[in-house]
Amino acid sequence: REERQREREREREVKRMHRSCGRLSGVSSSAGVCAAAARRGLPASRRRGGLAQQQHNASVLAPRRVRPRASTEGSSSVLDNLDNLALVKKVALSGKVFQQISAREMFEALIAINQIKSKKPENLSKVLAGNEAGEGGSYWKLVYTVGKKNLNEATSKGTGSVGGNGGNFFPVTAVQNWNEETNRIQNGIFILGVFSLIFSGDFELVDKSAILYFDFDRLDISLGPLSFGFDLPANEERVGKKRPFFIWLHADEDIAIGRGRGGGIAVWKKVDKSYREDEGVYV
């Protein structure tokens, strides 16, 4: 009985060492812990159990330490052979996990696209605001943004001068709706299908310069079954070219890339009726 008690005490001590070493050095601690257990004279079955438990814990703990680097390398291998526009499209249309591990690549590709004086997007009105499906225009979910400061610094000094991811995937559901038949824009924030805040107003699209001017004249708010709205006061200073605008760098049936009046750059992806119904967006 005393011998079994001593064995249990030694086992508890090894486990305490295992937890401490695992927190400090992750996967690399397994050999040292098992060696310590062997030196302390645990039976072979106990040693095997300790190793198995250590390996199991390592598999749980390791992703938090190594995933950012390993995942980034994995995403890079997928994106290496894509040109900048194809890369932005792939990331924008991917799921959240792939997006997060590809954020830096997204930033660098957008900087490159912004610096190229390419041909203006064609058929902007149809692409951005077409109503062929009779659904009140086209709907675009905001995916990714780069602020003015990072955009300017990366443009003037190179992307290496900007740390971190450079930009951000938009954290909430924000969807814009443009309708070429009415020349109306809606810009809404939607949360869990129970709350929405929607600004709406007129827009003007200048195809020649690929600029879309807009301004809001109404705000509608909904919370569950409750909803109300009101007209916004006119701003006489925001007329003509003084209105907010987007300069479109690219637009197709999948994604749109534009610079805003505030100096940043953003990426949207087109969403369909099934997405809107699932997320409670403009339904």
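The values are calculated or read from the model by the stated rules, or taken from the named source; none is laboratory data. Just so we're clear, the structure is a prediction, and the values are computed from it rather than from any experiment. Cβ atoms come from the backbone with ideal geometry, glycine included; neighbour counts cover every protein chain shown. Accessible surface is based on the protein model in full, side chains and every heavy atom, while ligands, DNA and RNA are left aside. Shrake-Rupley method; radii C 1.70, N 1.55, O 1.52, S 1.80 Å.
A few points about this structure:
- Of all residues in the stretch 230-252, those that are touching a residue at least 12 places away in the same chain (Cβ under 8 Å) have Cβ atoms under 6 Å from Cβ atoms of residues that are assigned to a loop (DSSP other than H, G, I, E, B) and open to solvent by 40 Å² or more (accessible area, probe 1.4 Å), 6 or more apart or on another chain, in 244/261; 245/261.
- Residues of the stretch 221-269 that are over 26 Å from residue 168 (Cβ atoms), among the charged types (D, E, K, R) and modelled with pLDDT of 95 or more: 231 alone.
- Test: residue in the stretch 159-181 that is closer than 18 Å to residue 128 by Cβ, open to solvent by 50 Å² or more (accessible area, probe 1.4 Å), aromatic (Phe, Trp, Tyr) and not in a loop (DSSP other than H, G, I, E, B): no
- Among the residues making up the stretch 182-214, those that are among the small types (Gly, Ala, Ser) and either open to solvent by 20 Å² or more (accessible area, probe 1.4 Å) or touching an Asp or Glu at 6+ places or on another chain (Cβ under 8 Å) (or both) are 193, 196, 200, 201, 209.
- Close pairs from the stretch 169-183: first farther than 19 Å from residue 277 by Cβ, partner basic (Lys, Arg) and in a strand (DSSP E or B), Cβ under 9 Å, at least 6 apart: 170/141; 178/184
- Residue match in the stretch 68-83 (condition: in contact with an Asp or Glu (Cβ under 8 Å, 6 or more places away or on another chain), modelled with pLDDT of 85 or more, under 22 Å from residue 145 (Cβ atoms) and open to solvent by 40 Å² or more (accessible area, probe 1.4 Å)): no
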